[in-house]
Amino acid sequence: MSRSEKSHENRNAMRCGMFSVVSIIAALLVGCGGEERSDVVADAPESATEAAAPGLDRSALRTRATAIFGALPAEASNPDNAITPAKVELGRALYYEPRLSKNHDVSCNTCHLLDRHGVDGLPTSTGHREQIGGRNAPTVYNAALHIAQFWDGRAADVEEQAKGPVLNPIEMAMPSEETVVAVLDSIPGYAPLFAAAFPGEEKPVSYDNMARAIGAFERKLLTPSPFDAFMTGNDDALSDEQLAGLDAFLSAGCPTCHQGVGIGGGLYQKLGVIKPYPTEDPGRKEITGNEADLRVFKVPSLRNIAKTGPYLHDGSIQELDEMIRIMAEYQLGIPVDDAKVEAIIAFLGSLTGEVDAELIAMPELPPSGPNTPAPDPS
């Protein structure tokens, strides 16, 4: 992965003082909607079933959640990269294209499998010559909604992110941008696709346009879920257990970090607010050089979280219930019993969404030309 720092320097201001004493106190005392956590936690139900008693006010719960999360859009637009059908068609092909890797055996879909909720299910992914990466590959679904890309936020958006793995020696291992463009130029079928996606350009086949096309495709990869149906007025979209879990999630203070339309992905936070979490990964400090960024990571989205384990930046946590307990201990400093964990897991299951099957279907890739370089395993 590339180490592009400068594109993200202006985003440091968006940290919102999350590491100040004031914000930590707020995270401990406030759940959402201005309620004091001491009240809502004390009144929390003993089980998911009990929480779903007939007295649960669905309308009030929806209003409360809407103020925190907002509505999922149809696509994650970018004014600097308009989404067009031709660009999405090209981006889908490039997403599945293994010839963008040195040995023609790794594509975006190798680590972010679109038929497996955008992940490969491994703690860290395998790239060129079976090399193992250092961080867990997060899901590509809904990623375009995030404040930045990669765990340390070093890429400003999905367009910039698409450039990194192609040149990373551990991942796709291409030696240069020029080499990538030469490969694309050598495959005759790509010329008309690039020309349609980027009309009027003198040389539409370029490294930047490769990334723009992949970015446009990924901006369509949003996954409306039963939770979104509930948010738009369908009282029957969530089960009683899931509604109870939503109430528990809000009351515990989880939206302190997991907020916004992505239910995460909108800010950075130190892993271990209450006490240091045992990890050697420096997080954003490796990018910014600031001591305050030690063990700071982009907060992951919880959309599809029940399907995208293992968890954390290093993929070290296998089970969702264990992950919830770790967050309660290290981020919020509150006790959680089995019933509350069960309730929250039920709610998180309602965040599993769908994407248009036709959109993500693997296309027929253009055949190689006589000058297309052969695979290079070296």
* Asked: GNM on the chain, C-alpha springs below 10 Å: top fluctuator among GLN331, GLN131, GLN242?
  -> GLN131
* Could you state the principal axis extents of the C-alpha atoms in the chain, from the largest down, to the nearest angstrom? -> 70, 45, 34
* **Mean residue ellipticity (222 nm) of the chain, computed from DSSP H runs ≥ 4 via -39,500 (n - 2.57), nearest 500** => -9000 deg cm²/dmol
* Amide H of ALA155: which non-local residues (sequence gap of 5 or more, or other chain) have their own amide H closer than 5 Å, using H built in the peptide plane? -> GLN149
* To do: Relative to the longest principal axis of the C-alpha atoms of the chain, give the angle of the C-alpha long axis of helix 58-69, reported between 0 and 90° and rounded to the nearest 10°.
  => 50 degrees
* Sequence of LEU359, LEU243, LEU302 once ranked by neighbouring C-beta atoms within 10 Å, starting from the fewest -> LEU359, LEU302, LEU243
* To do: Could you work out how far apart the two model spin labels at THR84 and ALA60 are, taking each label as a point 7 Å from the Cα in the direction of the beta carbon, and quote it in nm?
  => 5.2 nm
* Spatial separation of Cα centroids for the range 174-229 and the range 276-297, in angstrom -> 33 Å
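Roughly what % of DSSP beta bridges within the chain run antiparallel, to the nearest 5?
Numbers: 7 of 8 bridges.
Taking every DSSP beta bridge within the chain, about 90 percent pair in antiparallel fashion.
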* Would you look at the GNM of the chain, springs on alpha carbons closer than 10 Å, and say which of ALA248, ALA71, ALA292 moves the most? => ALA292
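Between SER316 and ALA196, 0.36 nm times their residue separation minus their Cα-Cα distance comes to what? Show your work: numbers first, answer last.
Values: separation 120, 0.36 × 120 = 43.20 nm, distance 4.35 nm.
38.9 nm is the gain from fully extending SER316 to ALA196.
If R0 is 30 Å, what FRET efficiency do you get for ASP185 and ILE132 from their C-beta distance, rounded to 0.05? Can you show the working numbers first?
Working: r = 32 Å, r/R0 = 1.07.
Efficiency computed from Cβ-Cβ geometry: 0.40.
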* Straight-line reach from LYS102: which lysines have Cα under 22 Å away, leaving out those fewer than 8 places along the same chain? -> LYS163
* Structure fact -> Spelling it out for LEU271: with amide H atoms placed in the peptide plane at 1.01 Å from N, the residues 5 or more places away or on another chain with amide H under 5 Å from its amide H are VAL296, PHE297
* Write out the GluC sites (Glu not before Pro) in the range 159-213 meeting two conditions: DSSP loop, and at most 11 other Cβ atoms within 10 Å of their Cβ. => GLU202
* Structure fact -> Taking a crude spin-label model, label points 7 Å out from Cα along the C-beta direction, the ASN371 to ALA71 distance in nm is 5.1 nm
* Structure fact -> Checking GLU75, GLU241, GLU319 against a Gaussian network model of the chain (alpha-carbon springs below 10 Å), the top fluctuating residue turns out to be GLU319
* Asked: Residue by residue, what Karplus-based ³J(HN,Hα) values in Hz, rounded to whole numbers, does the range 245-250 have, using 6.51, -1.76 and 1.60 with θ = phi - 60° and x for Gly and Pro?
  -> x, 4, 4, 5, 4, 5
* Structure fact -> With x for Gly and Pro, the residue-by-residue ³J(HN,Hα) of the range 204-210, computed from phi through the Karplus equation 6.51 cos²θ - 1.76 cosθ + 1.60 at θ = phi - 60° and given in whole Hz, is x, 7, 8, 5, 4, 5, 4
* Asked: If you average the sequence gap of Cα pairs under 8 Å that are 6 or more apart and divide by the length of the chain, what percent do you get for the contact order?
  -> 26 percent
* Tilt of helix 177-186 relative to the longest C-alpha principal axis of the chain, in degrees (0 to 90, nearest 10)? -> 60 degrees
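What FRET efficiency comes out for the pair ASP236/GLU177, r = Cβ-Cβ distance, R0 = 45 Å, nearest 0.05? Walk me through the numbers before you get to the answer.
Numbers: r = 51 Å, r/R0 = 1.14.
After rounding to 0.05, the efficiency reads 0.30.
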* Rounded to whole Hz and in sequence order, give me ³J(HN,Hα) for the range 87-95 from the Karplus expression 6.51 cos²θ - 1.76 cosθ + 1.60, θ = phi - 60°, writing x for Gly and Pro. => 5, 5, 4, 5, x, 5, 4, 5, 4
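Every number here is computed from the coordinates shown, using simple stated rules; none is lab data. Everything numeric here is computed off the predicted structure, so don't read it as measured data. Ideal geometry is used to build each Cβ from the backbone, glycine not excepted, and the neighbour counts take in all protein chains shown.
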